[in-house]
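Let me begin by presenting the structure, written as structure tokens, before commenting on it.
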Amino acid sequence: MLLVFLAFASPAAAARNPKPYVAELTSVSVDSGTGSAKFAFKAVGGKATSFTCTLTLRKKQIRVKSCNSPVAYEKLAAGSYLFSVYAVGPGRTRSEPARNAFKITR
């Protein structure tokens, strides 16, 4: 099954964030049958110098890395995942994350 949808950071989340930028997911594509997921994102409200992506499976971080948009994951095992992306600015300050939960059922 191929799921495609758009996810955005809420204006309320941006208002609570004291940093001048916030990470925002611009598109998400998950194929539960093949175990793949792809995420596109950007920084809003300022210029981020980089991004950090994390992938969590069953509440355990399994991948943390510096990343660029889009980022793709392949051959994921069955389970419930949480993808998070942080915008990183000057002085290595991180924004609040944009997040997307998804499930692989293959």
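Across segment 29-40, computed HN-Hα scalar couplings (Karplus, 6.51 cos²θ - 1.76 cosθ + 1.60, θ = phi - 60°) run 9, 10, 10, 5, x, 9, x, 10, 8, 9, 10, 10 Hz from first to last residue, x flagging Gly and Pro. Applied to segment 84-98, the Karplus parametrisation 6.51 cos²θ - 1.76 cosθ + 1.60 on θ = phi - 60° returns per-residue 3J(HN,Hα) values of 10, 10, 10, 7, 10, x, x, x, 6, 6, 9, 6, 5, x, 8 Hz, with x for Gly and Pro.
Any read-out appearing in this document is the output of simple, stated calculations on the displayed coordinates, not a laboratory observation. Because the structure is predicted, anything quoted here is derived from the model rather than measured.
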